[in-house]
1. When the residues of the stretch 44-57 are narrowed to those that are without any contact (Cβ under 8 Å) to a residue 40 or more places away in the chain and of a type in the set (A, V, I, L, M, F, W, C), which ends up surrounded by the most Cβ atoms within 10 Å (Cβ to Cβ)?
2. Does Ala73 count as buried (at least 16 other Cβ atoms within 10 Å of the Cβ), out of contact with any Leu (no Cβ under 7 Å at 6 or more places or on another chain) and modelled with pLDDT of 95 or more?
3. Residues of the stretch 1-43 being over 14 Å from Leu70 (Cα atoms), without any contact (Cβ under 8 Å) to a residue 12 or more places away in the chain and surrounded by 11 or more Cβ atoms within 10 Å (Cβ to Cβ), which ones?
4. Residue by residue through the stretch 69-88, note down the ones that are in a helix (DSSP H, G or I), in contact (Cβ under 8 Å) with a residue 24 or more places away in the chain and more than 11 Å from the chain's Cα centre (by Cα).
5. So, in the stretch 37-61, of the ones that are in a helix (DSSP H, G or I) and closer than 23 Å to Val23 by Cβ, which residue ends up modelled with the highest pLDDT?
6. Testing Glu60 on (1) within 14 Å of the chain's Cα centre (by Cα); (2) closer than 19 Å to Asp77 by Cα; (3) free of Cβ contacts under 8 Å to residues at least 12 places away in the same chain, one condition comes back false. Which one is that?
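The values are calculated or read from the model by the stated rules, or taken from the named source; none is laboratory data. It should be emphasised that the depicted structure is a prediction, and the values quoted were computed from it without experimental measurement. Note: ideal-geometry Cβ built from the backbone for every residue, glycine included; neighbour counts use all protein chains shown.
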Amino acid sequence: MSAFIVICTFKPDTDMTEVFAVVAEEVAQVKALEAEGRLGSVHLSLARGTVFIEVFALDETLALETVASLPMAKWWDLDVYPIQAPAIADGAA
């Protein structure tokens with residue numbers, strides 16, 4: 001499994017009333033994906049209209065498929081970044 005950060009930016013013409021209407025469905029899907037080990041942290045910046053999602057997948061295509069399964073994905077432009085844990089110097093805890 002590899003780790004990715006997917007940056008999800010709300011499209012300019014997004015009706016946020018529609019977005020808020022699916023919050024409960026979104027939360028349920030996030031919890032299900034977390035339980036499957038496919039999602040890590042999710043961070044929202046309403047001020048910037050951006051969501052940052054940590055995804056665990058075999059490759060970038062599967063990471064994007066995971067995000068696409070979220071109800072809010074239809075309102076997002078997606079950008080995916082492979083990430084890796086920072087190196088820890090010998091003896092550091």
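1. Leu44
2. For Ala73, the condition - buried (at least 16 other Cβ atoms within 10 Å of the Cβ), out of contact with any Leu (no Cβ under 7 Å at 6 or more places or on another chain) and modelled with pLDDT of 95 or more - is met.
3. Correct list: Met16 only.
4. Pro71, Trp75
5. Restricting to residues being in a helix (DSSP H, G or I) and closer than 23 Å to Val23 by Cβ, the top hit is Arg48.
6. (3) is the only condition that Glu60 fails.
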